[in-house]
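Written out below as structure tokens is the structure these notes cover.
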Amino acid sequence: MFIKNNSYLRLVRVPERHGIFVRGDNVYEVMTSPGVVKTVPAKQLGEALGLAPREPRNDLQECRRTAQRLFREGKHEDWVEYSTAIVVPGESLTAY
């Protein structure tokens, strides 16, 4: 089901909390072509998805919110399609 020229992302790790302190950053996996997955910190997510530095980030923000929601719900295998924020089950992307 991988759609050519689309990218998919999912949140794989969140910062560790120690009392009032937070250590680390959100870490995402980005799939830009079938079977090619790159792990990046949140700061590099836009670049990994192919966004230009000055390009609007509204779609990216919506996709990040969706990925965070899926992570909280324990749906760690699902992917978020960039730029639509549509949730795609993981098995549908791996079944070629």
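The values are calculated or read from the model by the stated rules, or taken from the named source; none is laboratory data. Bear in mind that the values here come from a model prediction, so they are computed numbers and not experimental data. Positions of Cβ are backbone-derived with ideal geometry, glycine not excepted, and every protein chain shown enters the neighbour counts. Side chains are part of the model used for accessible areas, which takes the heavy atoms of the whole protein and leaves out ligands, DNA and RNA. Shrake-Rupley method; radii C 1.70, N 1.55, O 1.52, S 1.80 Å.
Looking at segment 60-83, can you tell me whether even one residue there is charged (D, E, K, R), in a loop (DSSP other than H, G, I, E, B), in contact (Cβ under 8 Å) with a residue 60 or more places away in the chain and open to solvent by less than 60 Å² (accessible area, probe 1.4 Å)?
Within segment 60-83, one or more residues are charged (D, E, K, R), in a loop (DSSP other than H, G, I, E, B), in contact (Cβ under 8 Å) with a residue 60 or more places away in the chain and open to solvent by less than 60 Å² (accessible area, probe 1.4 Å).
Would you check if ARG54 is in a strand (DSSP E or B), modelled with pLDDT under 90 and open to solvent by 80 Å² or more (accessible area, probe 1.4 Å)?
For ARG54, the condition - in a strand (DSSP E or B), modelled with pLDDT under 90 and open to solvent by 80 Å² or more (accessible area, probe 1.4 Å) - is not met.
Which one is nearest to HIS76 (Cα to Cα) among residues in segment 3-43 that are surrounded by 14 or more Cβ atoms within 10 Å (Cβ to Cβ) and of a type in the set (Ser, Thr, Tyr)?
It comes out as TYR28.
Looking at segment 10-23, is at least one residue of a type in the set (A, V, I, L, M), part of a strand (DSSP E or B) and over 14 Å from the mean Cα position of the chain (by Cα)?
Yes, segment 10-23 contains a residue that is of a type in the set (A, V, I, L, M), part of a strand (DSSP E or B) and over 14 Å from the mean Cα position of the chain (by Cα).
Output the number of residues of segment 84-96 satisfying the condition of being among the β-branched types (Val, Ile, Thr) and open to solvent by 70 Å² or more (accessible area, probe 1.4 Å).
Going through segment 84-96 one residue at a time, the tally reaches 3.
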